[in-house]
Amino acid sequence: MGIVYQRVLFKLSGEALMGDLAYGIDPAVVQAIAQEVSDVVATGVQVAIVVGGGNIFRGVKGAAAGMDRATADYIGMIATVMNAMTLQDSLEQMGVPTRVQTAIAMQEVAEPYIRRRAIRHLEKGRVVIFGAGSGNPFFTTDTTAALRAAEISADVLFKATKVDGVYDSDPHQNPNARRYQSLTYAHVLQQDLRVMDSTAIALCKDNNIPIIVFDLSVRGNILRAVTGETIGTIVGGSCEIS
């Protein structure tokens, strides 16, 4: 098994933790994700994770329902911490040392985000889960993932989703939708392919961080991604469109 990355960052959506539930956290799904992350850690790869909160509360929907957007976003950030702590618990039950760092101070349950401390945890083989987004409203957890990946000098950003890559149209609505194997940052931005939001794509482009989009629901895909197997869609500066 060849490991092609030394330090990776996974972006997990809150929805990924729901499984087939309509709302909340499916313990079986969290346990399965934790087991796969544990398998990756066992190879010596340094793992950081950014989690979303859409399974509990989404700021944009709260704002659409009449809430102040900043307030709604802060509530969404707190929801991500709930997910981060849940994932931490599952990992630690498997014997994987894990730290949660939050961009909003809540020292009773998590460390504050400190870049150098996060890197030191990674160097010691601990999984670091970043919660509370970037700590700022109006920014998505996709942007946070790109930001943290740049800050910790991650080799790659993995976006774990419910689809097996990036398509030229919605594969759920168009049975003839074509999946891309590789894309440039520029093409993603120009075609508004919504791999991640435009700020996240621009951050990755500026810092030359490749993005790999893959299907989280397929057992073993996290380890396959880290070992460099061709899965999903890769977005990068030198990629051909294919």
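The values are calculated or read from the model by the stated rules, or taken from the named source; none is laboratory data. Because the structure is predicted, anything quoted here is derived from the model rather than measured. Cβ: placed from backbone, ideal geometry, glycine included. Neighbour counts: every protein chain shown.
Points worth noting:
- A single member of 35, 31 is modelled with pLDDT of 95 or more, of a type in the set (S, T, N, Q) and out of contact with any helix residue (DSSP H, G or I) (no Cβ under 7 Å at 6 or more places or on another chain), and it is 35.
- Among the residues of the stretch 53-68, those that are in a helix (DSSP H, G or I) and surrounded by fewer than 22 Cβ atoms within 10 Å (Cβ to Cβ) comprise 60, 61, 62, 63, 64.
- The single residue among 96, 50, 81 that is out of contact with any Asp or Glu (no Cβ under 8 Å at 6 or more places or on another chain), in a loop (DSSP other than H, G, I, E, B) and not aromatic (Phe, Trp, Tyr) turns out to be 96.
- Applying a threshold of 6 Å to beta carbon distances and a minimum spacing of six or more residues, or different chains, the list of pairs starting in the stretch 4-17 at a residue that is over 20 Å from residue 195 (Cβ atoms) and ending at one that is in a loop (DSSP other than H, G, I, E, B) and among the polar types (S, T, N, Q) reads 17/55.
- Boolean, residue 153 is at positive phi, at pLDDT 85 or above and of a type in the set (Ser, Thr, Tyr): yes
- Residue within the stretch 34-41 that is without any contact (Cβ under 8 Å) to a residue 24 or more places away in the chain and farther than 26 Å from residue 150 by Cβ present: no
- When residues in the stretch 16-38 are screened for being charged (D, E, K, R) and either on the phi > 0 side of the Ramachandran plot or loosely packed, with under 15 Cβ neighbours inside 10 Å (or both), 1 of them pass.
- Helices (runs of 4 or more DSSP H) wholly inside the stretch 156-226 that include at least 2 residues being of a type outside the set (Lys, Arg), surrounded by fewer than 21 Cβ atoms within 10 Å (Cβ to Cβ) and over 15 Å from the mean Cα position of the chain (by Cα): 185-191, 198-206
- Only one of the listed residues (4, 40, 29, 60) is more than 16 Å from the chain's Cα centre (by Cα) and over 20 Å from residue 103 (Cβ atoms). That residue is 4.
- One residue from 133, 165, 95 being in contact (Cβ under 8 Å) with a residue 40 or more places away in the chain and over 17 Å from residue 196 (Cα atoms): 95
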